[in-house]
Structures are given as structure tokens and as C-alpha cells.
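Report on the following structure.
The values are calculated or read from the model by the stated rules, or taken from the named source; none is laboratory data. Here the structure is a predicted model, which is why all the values come from computation and not from measurement. Every residue, glycine as well, gets a Cβ built from its backbone with ideal geometry; the counts of neighbours run over all protein chains shown. These accessible areas exclude ligands, DNA and RNA; they are computed on the full protein's heavy atoms, side chains included. Shrake-Rupley method; radii C 1.70, N 1.55, O 1.52, S 1.80 Å.
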There are 2 protein chains.
Amino acid sequence: MTREEITDGRNLRSIATKKRLLEASKELFYENGFEKTTITQIIKRAGTGYGTAYVYFKGKDEILTSLIEDVMQEFLDMANTPFAPATKQEAKTLIHKQVLLFLNMANENHQIMKVFSEAIGLSSTVDSKWNEIRETNIHYITRDITYSQSQGLARTDLQANLVARFWFFANENYQWEVVHKKNTASIEEIAKTLTDMYVDGLYIM
Amino acid sequence: MTREEITDGRNLRSIATKKRLLEASKELFYENGFEKTTITQIIKRAGTGYGTAYVYFKGKDEILTSLIEDVMQEFLDMANTPFAPATKQEAKTLIHKQVLLFLNMANENHQIMKVFSEAIGLSSTVDSKWNEIRETNIHYITRDITYSQSQGLARTDLQANLVARFWFFANENYQWEVVHKKNTASIEEIAKTLTDMYVDGLYIM
DNA sequence: AAAGATATTGACACTGTGTCAACTAAACAA
DNA sequence: TTGTTTAGTTGACACAGTGTCAATATCTTT
């Protein structure tokens, strides 16, 4: 209820310290990746003592999660987009837009996403965060497919949740390719191919 | 040319030592995973001295790669299966069979595959090994799609290599689900859904 | 200015890796 | 058989990184 905005000198200092630690971490993660960055490197660049890092964060993991929180929220928000097409063509347009959004977000945040992808598998916290994003996305895709099926737009002989995973997995992997700048085709081309395959495979007519 | 089968007592002993190290490693990897297993644990179970492990392997990575070599070869071999369907229906049958093979192999070798998946991202050697498998598979899938396109069986408005990645990515992720026993549906159901979506999206008629 | 509260610090204990000089044991030569 | 060489084994050591905590510094309040 009451926003405790205690802003005496000490508090301001501690806020600044935490910020310096985060800034330094971000820089180092971008430069050398997550694993190769050590706490010692971070505190040196931030100009603090070793123990200070552990005052603000439980460890390297928590520093990273702190840094990626915003991007992850974007991903979660993006998942729940209104979807109520009346025709197959309309569905295609909506889905295409969605794929583009997804891939472009990956592209724009490729630096932090790269660190993120490295940390999946390295840190169980990051891992479960990504799984949350995954399952949330799949959940909403399933909902959209079910809707299309109920409208007679999509074939009903396929299980919505299985198709949803299929679709998300393909998107996810292309996303990582984009993040690592390994994509052999342009984002636009990728989006077009993915959408065409998907919609023509799932939708009727 | 000349197979140097020196099998004096010393050599036999060293072979046995290496084998013991591999056995112990396998057991521990299965029990506690790759990362949590330490060299000390391994040499204790193998009944050797600490340094001995480093005589036979450069480190934990090399022990693992040694253990997964066989499975990986299987994956590589599997990729290059004859594919020359005359009709869409025939293509569907062949592809369905292939997906089943892929997922079943993952299922049968789920223990070692689980360790494998953990080590991807943790070890650059393992990572690049998996990438090799990936690219090889995608290469052959691309070849098959191109063939189908040339036969007038598949639509030509989609880039074969992009579709191939799309397809492989979906398979790969389902494979990991199977490996981690996270799959929500049976292997048969998964294979059916994947194949239907894919073939109906890509093939004509 | 003394006391109290908060923030900062680096030395320390701990875990794990990889190396290497010393050691042991088998094979061979005389 | 014994001495020598060669192959195989070993654990102590140096090193790198983590996380903790008692001591210290700095700011705020009385």
C-alpha cells in the first residue's frame, strides 16, 4: 500500500551500487558470455568489494535473471494476443504477423537473448523461466487452434495441443538461429515459409 | 595397415582400466547427471588414482563423448535413408516410418540421450557434435524435399532448406520431450500428428 | 559526539580441475 | 636371475572460482 520511498543517502548509495553491478554484469555477459564471466570480473568493473555482489544477489544466476526480466515479460505478454479470424486467409495474416513479431523481438534483443540461451541448461532458474514462457505460449497457441477448429476453419483430426507444440518448437528454433545470427534466410522469408506450411497444413480449404 | 594388436599384460591392464573408468562414468552420469558427477567420484568407483583419469581422457567432456559415440553414429546413419515416393500417400508412409524410428531411438536410448542433452551447452565438444547431427539430418531432409518438388509431389513456392529446418526442429523438440519422458501423448500419436501436419502442409493434393 | 542502523569489504573455507614428478610393475636383454 | 627399460599409475600440488561472515566504514539519528 504505502510505497516505501526511503531515499536517504545510504539508500541512494545502495541503489547505485546495485545498478553498477548490473551494468557491469551486462557488459561482461555481452563481451564474454555468461559462463566465462566471473564474480571477480564483475565486482572489479563495478568497483565494489567481492562480498557486495552477494549482498544484492544470491549469485550469478540471480544477476542474470534480474537482467532478463523485462525481455521475458515481453515474451509472456506477446503470447496472449487476440485471435479470432473468420477465414483461413485472415488466420494466415494474423499468424504471419505474430511470427514476425516473435522473430523480430528475438532479433532486436539478440544480445541479451544470446546470453539467455547460453544460461538455459546452465542455470536451473533460467531454465525454468524459459519453460514458463514456452508453456505459456503453447497454452495460448492451443487455445487459438481450438478456436479455429470450433469455427470449422481448422481440421479436427489433429490434437490441438500436439500441433501447438509442433508449431512453437519450429518457431523457437528459428528464433535461436536469429539470435545467434545463424539464420540462412531473412526474417521475412522465414516467417513466410513457416506460416505457409503451418496454415496450409492445419487449416481447411 | 598393420593392426597393432599388442596384448601383453600391461596393455590388457590399461584396457581394463579405461573400461572401468567408462563404466563408472556411465553409471554416475545416469545416477546424478553429467554436471554433478566429479572426476573424484568417477575414479573412486572405478578404483583408480585421480591422475589415471587424465591419462585416458582429457577431461569429463571426452569421457562423455566416448560414451555417446555409438548412439550418435546411429543418428547419423539414420539420416540417410532412401526416399523416392511416387505419390503423396507413399511419401506420408515413408515419413511416418522415419519419424517413428527417430522418436523410438530417442526413447530406447533415453538414458544416454538425457545425459547428452544436459551436456549440450555445457560442453562445446558435445555441442558441436550435436550440431553435426542436426546439419546432416537437415541436409538429407532438404534433399528429400527437393526430390519431391522435382517430382511434382510437393509445392515449389517454399524453400526446401527452410522447410527442412522447420521439420527437423519440430522433430528434435519432440525427441527431447520423449527423452525426458515429458511427452504428453504417445509416440505413435506424436508421429501421426507431426507427419499429417507436415505432409499436408507441404505436399500437393 | 555518541549511539544506532545500514552498507561494504576481503580473508577464509570449500569444491573441483588439470598437471607432473615420483612410483610401481611388467617386459625384455644379458 | 638380475638389471634395465618401458608402460602404466598415482596423489600431492597449484590454480580458479564460489559463497560466507566477522570486521569495518559510512550515514542517520538522538
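Compared with the dominant Cα axis of chain B, that is its longest principal axis, helix B:60-79 is turned about 30°. Each distinct pair of alpha carbons in the stretch B:142-205 adds a 1/r term; the inverse of their mean, the Kirkwood radius, is 12.7 Å.
In the stretch B:83-205 the Cα-Cα distances spread across 5 Å bins starting at 0 as 2, 11, 20, 22, 18, 13, 9, 4, 1, 0 percent of all pairs. Rolling a 1.4 Å probe across the protein heavy atoms gives the stretch B:165-205 an accessible surface of 32 Å² per residue.
Extent of chain B along its three principal axes (Cα atoms, max minus min coordinate, largest first): 66, 46, 25 Å. Taken over the alpha carbons of the protein assembly as shown as equal point scatterers, the Debye sum produces base-10 log I(q)/I(0) values at 0.08, 0.09, 0.12 Å⁻¹ of -0.55, -0.68, -1.06. Among residues of chain B, the one whose beta-carbon sits closest to the B-to-A rotation axis is listed with its distance in Å as B:G201, 1. In the context of the full protein assembly, A:H180 retains an accessible surface of approximately 70 Å², using a probe radius of 1.4 Å and ignoring ligands and nucleic acids. Shown for the stretch A:167-205: residues covered by the partner protein chains by 40 Å² or more of accessible area relative to the chain by itself (probe radius 1.4 Å), namely A:F169, A:N173, A:Y174, A:E177, A:T184, A:T193, A:M197, A:D200.
Quickly estimate the mean residue ellipticity at 222 nm for chain B, helices only: each DSSP H run with n ≥ 4 gives -39500 (n - 2.57), and the total goes over all residues, rounded to 500. Please list the in-between numbers first.
Details: 9 runs with 157 residues, N = 205.
One gets -26000 deg cm²/dmol as the mean residue ellipticity at 222 nm.
Here the Karplus relation 6.51 cos²θ - 1.76 cosθ + 1.60, evaluated at θ = phi - 60°, turns the backbone of the stretch B:116-121 into coupling constants of 3, 5, 5, 6, 5, x Hz, with x for every Gly and Pro.
Sorted from nearest, the other copies put their B:S186 label points 4.7 nm away, the label point being 7 Å from Cα in the direction of Cβ. In nanometres and ascending order, the distances from the A:A16 label point to those of the other copies are 6.9 (point 7 Å from Cα along Cα→Cβ).
Only sites in a loop by DSSP and with at most 12 other Cβ atoms within 10 Å count here; which trypsin sites (Lys or Arg not before Pro) in the stretch B:81-129 make the cut?
Numbers: sites: B:K88, B:K92, B:K97, B:K114, B:K129; in loops: none.
Taking the stretch B:81-129 and a limit of 12 other Cβ atoms within 10 Å, no loop trypsin sites (Lys or Arg not before Pro) are found.
If I stretch the segment between A:K181 and A:N32 completely, what's the gain in nm (0.36 nm per residue apart, minus their alpha carbon distance), one decimal? Please list the in-between numbers first.
Values: separation 149, 0.36 × 149 = 53.64 nm, distance 1.68 nm.
Additional length available on full extension: 52.0 nm.
Listed values for the stretch A:178-194 are Karplus-derived 3J(HN,Hα) couplings in whole Hz (6.51 cos²θ - 1.76 cosθ + 1.60, θ = phi - 60°), namely 5, 4, 8, 6, 9, 5, 7, 10, 6, 4, 4, 4, 4, 4, 5, 4, 4, and x replaces Gly and Pro. Computed over protein heavy atoms with a 1.4 Å probe, the carbon and sulfur contribution to the accessible area of chain A reaches 52%. Model label sites at A:V55 and A:L76, defined 7 Å from Cα along the beta-carbon direction, differ in position by 2.9 nm. The residues of the stretch A:1-142 expose on average 56 square angstrom of accessible surface per residue, using a 1.4 Å probe on protein heavy atoms.
Shown for B:N104: label points 7 Å from Cα along the beta-carbon vector, and their distances to the equivalent points in the other copies, 4.5 nm in ascending order.
Computed from protein heavy atoms with a 1.4 Å probe, the total accessible area buried between B and A is close to 2900 Å².
In this structure, B:E188 and A:R10 have a Cβ-Cβ separation that, at R0 = 56 Å, corresponds to a calculated FRET efficiency of about 0.30. The translational diffusion coefficient of the stretch B:25-67, from Stokes-Einstein at 10 °C and 1.306 mPa s with a Kirkwood hydrodynamic radius over alpha carbon pairs, comes to 155 µm²/s.
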